[in-house]
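Written below as structure tokens is the structure these notes are about.
The values are calculated or read from the model by the stated rules, or taken from the named source; none is laboratory data. Bear in mind that the values here come from a model prediction, so they are computed numbers and not experimental data. Neighbour counts are summed over all protein chains in view; Cβ atoms, including those assigned to glycine, are modelled from backbone coordinates with ideal geometry.
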Amino acid sequence: MIILGIDPGSRKTGYAVIDSENNRMTILDFGTIVLTDTNVMPEKLVRIYTKVGELFRRFPIGSVAVEAGFYGKNPQSAYKLGYARSAAVLAAALENVEVMEYSPRKVKQSVTGNGNASKVQIKYMVKRLLAGAADLPLKEDEADACAVAICHAQNLAGGKARHRSWKEFVEKNKGLVVKSARLERVK
């Protein structure tokens, strides 16, 4: 099944198209819809809606997964994120495709085994789990969109993350995790 994963945002919206078949997930396309050059919300929503529509014309998408919003104390941010998510969901709904929402914690848990995983951990696991993604220059929003799609693929298959916890992953991949931690500190 071809799955579209979306990480909505009012400044940048990440998307990823993956093919999930027989426990193998392959990345087909990914990108970021950049929305920072306009302050007008309707223009941002049209861009998201249009790009998602283009993806439906390019791929036989069978299911869509969207990361649900994390709402802090700023109601304006919550509204803007809700608008962005709604534009993507509307484009999928008009194609009569099922849309599922997953919390950020659920996405992280599915991909890394840790609901509090860092962006570095998510990106690393996305590149490990998706065939064809190892050498791709995924940006944060794109890696998050891939993670949402992976979470949905696993949910559809009734599967779980390949590692029960981040601790288990670290024990099996000590050299890689130490390298990642050093890179995180340098930034």
message: Among the listed residues Leu156, Leu136, identify the single one that is in contact with a Phe, Trp or Tyr (Cβ under 8 Å, 6 or more places away or on another chain), aliphatic (A, V, I, L, M) and either at pLDDT below 90 or not in a helix (DSSP H, G or I) (or both).
response: Leu136
- request: From (1) within 14 Å of the chain's Cα centre (by Cα); (2) at pLDDT 95 or above; (3) of a type in the set (Lys, Arg), pick out the condition that doesn't hold for Arg58.
  value: (1)
- prompt: Among the numbered criteria (1) within 30 Å of Ile48 (Cα to Cα); (2) crowded, with 22+ Cβ neighbours inside 10 Å; (3) at pLDDT below 90, which single criterion is violated by Phe169?
  reply: (1)
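Would you point out which residue out of Val126, Val186, Val178 is surrounded by 14 or more Cβ atoms within 10 Å (Cβ to Cβ) and either over 24 Å from Glu101 (Cα atoms) or at pLDDT 90 or above (or both)?
Val126
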message: Quick check on the stretch 26-48: of everything there that is at pLDDT 95 or above and of a type outside the set (Val, Ile, Thr), which residue is farthest from Leu81 (Cα to Cα)?
response: Leu28
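Each row is one residue, and each column tells you yes or no for (1) closer than 24 Å to Lys108 by Cα; (2) among the small types (Gly, Ala, Ser); (3) touching a residue at least 24 places away in the same chain (Cβ under 8 Å).
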| site | (1), (2), (3) |
| --- | --- |
| Lys51 | no, no, yes |
| Arg58 | no, no, yes |
| Ser63 | yes, yes, yes |
| Ala88 | yes, yes, yes |
| Ala93 | no, yes, no |
field: Among the residues listed as Val52, Val99, the single one being on the phi < 0 side of the Ramachandran plot, under 16 Å from the mean Cα position of the chain (by Cα), surrounded by 14 or more Cβ atoms within 10 Å (Cβ to Cβ) and at pLDDT below 95
entry: Val99
- prompt: Is the stretch 98-107 home to any residue that is touching a residue at least 60 places away in the same chain (Cβ under 8 Å) and either more than 18 Å from Pro8 (Cα to Cα) or not in a strand (DSSP E or B) (or both)?
  reply: no
- prompt: If you scan the stretch 4-49, which residues turn out to be touching a residue at least 12 places away in the same chain (Cβ under 8 Å) and among the acidic types (Asp, Glu)?
  reply: Asp7, Asp19, Glu21, Asp29
- prompt: Out of all the residues in the stretch 7-51, which are over 22 Å from Ala93 (Cβ atoms), assigned to a loop (DSSP other than H, G, I, E, B) and not charged (D, E, K, R)?
  reply: Asn22, Asn23, Thr36, Thr38, Asn39, Val40
